[in-house]
Amino acid sequence: MPADTAAREFRRQGRVVVVGASLAGLRAAETLREEGFTGSLTMIGDEPHDPYDRPPLSKQVLLGRTAADDTELPRRRRLDARWRLGVAATGLDLADRRVRLADGEEVEFDRLLIATGARARPWFRESEAALDGVFVLRTADDASRLDRKLAAGPRRVLVVGAGFTGSEIASACRERGLEVTVAERGPAPLVGALGGVVGAVAARLQREHGVDLRCGITVTSLEGDMAGRLRRAHLSDGTALDVDVAVIGLGAMRNTKWLAGSGLAAGPRGIACDAGCRAFDVHGIVTDDVFVAGDVARSPHPLFGYQFLSLEHWGNAVAQAEVAAHNMISSGLERRPHLWVPAFWSAQFGVNIKSVGVPPMGEEIVVTQGALGENRFVAAYGYQGRVIAAVAFDQARWIDFYRRLIESAAPFPPVFAGVDRRPEGARPVPADFPDPSLPTHGPTVTLSGYSPSERRLQFTPARA
Amino acid sequence: MAVPVAGDVEGTRVPVRLVVDLNRCEGYAQCAFLAPDVFTMHGEEALMYSPRAGQAQREQVIRAVAACPVQAITVDGADAEETRTDAR
């Protein structure tokens, strides 16, 4: 059967299974139907909720303005799907094309989309993680519990890790009038994602808003009372802190455990796939009926030296899901590459932070508009003489312009005379990212590919 | 332009689910003028919104969707299911 006939037939009566019923899974399902897929569609999700949006959980929900169960995502259209929610996928049989579920059911597919996302990295010591008052923030249930706790008026909240989630939590706590201490292993908040120059601005913002920010510090243990309630945190500088609540913001872990032994190239860094969202198997051969999208995927991007990017970005989940869905029901030349330029936002301490490109690739940074000291600026990151990323504080309207500079490999430092260019920002300085081989709270962009000019990872074969 | 949203079908009127693509949002605040109960500015240009608008805000939200200069607001489509239970 010719390929396009097979694709037509699949479109009409194929069986698609989507594992992961969050943003990427939902948008993929909508795209399949929009593009004329009329076969059977099964949505599998381990959480018992309808697909919901996560960004509000660390903002509106923690401010007590929105209930955690009011963040359900709108549906662009009718899906006519069979939903299996509240039951996790536990295994994949590639040869027989089946997904195994926790309740014993096996679901057959012709094509599979894996969008299982990531989960919060828990506190490393299980007995301490179980203390009443120790939280993570990833799911609606997490947010609901934390919101209730914050509403009860704890004396002091400890946030462990000053990445985006940790910083937004600290911001919400201050807005609620709560005392908060932030402990960050690195030299500044957001340093893994935006580097030390912008990290210093984030640090100042936190302190100006009354956060007790402690950098270069780790939390070594959490101590509970007889009733199992959190009472105290011990820090690496030998001090102790009396706290009622600790929120662990140490990044996320990709949900790939269920794929162990499946034969797919799945591991702690996610599932490797090509730019068309097709998963690689363990031999590095691309599969033709297993697709990946969202936080769990890592795929090569020509704009960034064909490095494999793993992006924990809302926009990536949407864009990659749409490409994956399109490619699932298309053949040959109709297929599209996922060439989305990474972008994300954060709102914290009253400032709207936006980024485009891949800041951690940046060697140097130059403030192109505004001034760091005014908390209102745009800065561009340079890599090998071209613009590779930009970040804006309360200057969102410029981000699209910088995206086009990145897409066109515009020279760095930029040659244009930008609006509100200041003489003091004109000289590029080192972007000051921490050594990527050192553990951090988890940057939102992970570079894990090889380019001939550098080597950031060491290949360690698994031992039998 | 009126944008059809879930709840128009068969006279059933339910809360509207919405999401804003905040990568796209540039803080023009048209939504905050048109539907102040649902959208508010938080600081200079960060948008904060209620992901579920009540019946009373339906018309406002529909106007905000149409007025957004960067078309960043998505609401339930006219034929979207209200719950997942349609085709179990």
Computed about the Cα centre, the charge dipole of chain A from +1 Lys/Arg and -1 Asp/Glu charges at the Cβ has a magnitude in debye, to the nearest 20, of 420
Here, GluC sites (Glu not before Pro) of the range A:1-71 satisfying both criteria (DSSP loop; at most 11 other Cβ within 10 Å) are none
Quick calc, the range A:188-284, dipole around Cα centre from Cβ unit charges on Lys, Arg (+) and Asp, Glu (-), nearest 20 debye, gives 200
Treating only Lys and Arg (+1) and Asp and Glu (-1) as charged, each at its beta carbon, one finds that the range A:234-286 has a dipole about its Cα centre, in Debye to the nearest 20, of 380
Of all DSSP beta bridges having both residues in the protein assembly as shown, the percent classed as antiparallel (nearest 5) is 65
Most packed first (mean Cβ within 10 Å per residue), the peptides A:17-24, A:225-232 order as A:17-24, A:225-232
Most packed first (mean Cβ within 10 Å per residue), the peptides A:419-432, A:83-96, A:128-141 order as A:128-141, A:83-96, A:419-432
Here the whole-number average of other chain Cβ atoms within 10 Å per Cβ of A:396-405 is 3
Counting sequence-distant residues (5 or more places) and residues on other chains, those with an amide H built under 5 Å from that of A:Leu178 are none
Here the percent of antiparallel bridges among DSSP beta bridges lying wholly in the range A:122-250, to the nearest 5, is 35
From DSSP H assignment alone, runs of 4+ in chain A each adding -39500 (n - 2.57), the sum over residues rounded to the nearest 500 puts [θ] at 222 nm at -6000 deg cm²/dmol
Note: B:14-24 gets an average of partner chain Cβ contacts (10 Å, Cβ to Cβ) equal to 6
Sorted by chain and then number, the residues having a modelled amide H within less than 5 Å of the amide H of A:Phe291, at least 5 places away or on another chain, are A:Leu112, A:Leu113, A:Ile114, A:Ala279
Once Lys and Arg are counted +1 and Asp and Glu -1 for all other residues with Cβ under 9 Å from that of A:Val61, the total becomes 0
Each residue of A:382-395 has, on average, a number of other protein chain C-beta atoms within 10 Å of its C-beta equal to 1
As straight-line cross-link partners of A:Lys59, the qualifying lysines (C-alpha separation under 21 Å, not fewer than 8 residues apart within one chain) are A:Lys149, A:Lys354
Counting only residues 5 or more apart in sequence or on a different chain, those whose built amide H sits under 5 Å from that of A:Ile388 are A:Tyr381, A:Gly382, A:Tyr383
Among A:Ala88, A:Ala240, A:Thr116, the residue whose Cα sits farthest towards the positive end of the charge dipole of the protein assembly as shown, when +1 is placed on the Cβ of each Lys and Arg and -1 on the Cβ of each Asp and Glu, is A:Ala240
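Since every read-out is calculated from the coordinates, none of them should be taken as a lab result. Just so it is clear, the structure is predicted and the values come from calculations on it, not from any experiment. Counting neighbours? That spans all protein chains shown, and the Cβs are built from the backbone with ideal geometry, glycine included.
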